[in-house]
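Below is one structure, written out as structure tokens, with a few remarks after it.
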Amino acid sequence: MALNLTQKQEVVAELAEVAAKAHSLVAAEYAGTTVEQMTAMRKKARETGVYLKVVKNTLAARAVAGTEFEVVKDKLVGPLLYAFSTEEPGAAGRLIKEFAKGNDKLQAKVVAVGGQVYPASHVEVLASLPTREQALAMLARVLAEPAAMFARAVKAVADKQGGGETAPAEAAAETA
């Protein structure tokens, strides 16, 4: 079904809005993917904060104009599926990587993050980025470590000075 001019403008506007806020983009060839596979991928995309869209490359090129994803315009060739990570940078990479395992027809062609274009092989790197929860857990460990180091240092100094003997306050309490 061909789109009329108004529908094309709506698609471009919607895609441009998503691209302006997205963290990363993975464009993948999807020819040969079954309806069931696409339905499952779309469901997973909604659950993981990935905007997934099949759209003509000329419309996608217009939509990304003026965004950090404008750098992919020359790479948009062939039937492509566009996956924009809207919540965390690695989500689109994880989605494409996961579904490519069970479908050799689904192949990443372009990866874009932070105004840079990367080859398709970088979908692995993008997919390996931590989720928001994993990043927060790592940050909490990093922030807790200085306090733990300080506590260990204080204990080491106390052990060295006390030589394992009871503390003066405890000794005074024992003699009373």
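Exposure proxy for Ser24, Ser121: other Cβ atoms within 10 Å of each Cβ, ordered fewest to most, give Ser121, Ser24. Between Lys101 and Ser121, full extension at 0.36 nm per residue minus the direct alpha carbon distance yields a gain of 5.8 nm. Listed by chain and number, the aspartates and glutamates whose alpha-carbon sits under 13 Å from that of Lys109, ignoring those within fewer than 8 places in the same chain, are Glu29, Asp74, Glu124. Checked against a 21 Å cut-off, the cross-linked pairs Lys73/Lys105; Lys56/Lys105; Lys21/Lys101; Lys43/Lys97 give Cα-Cα distances beyond that limit for Lys73/Lys105; Lys21/Lys101.
Read-outs: derived from the displayed coordinates by stated rules, not from any lab. Keep in mind that this is a model prediction, so the values were computed, not measured. Backbone-built Cβ (ideal geometry, glycine too); neighbour counts: all protein chains shown.
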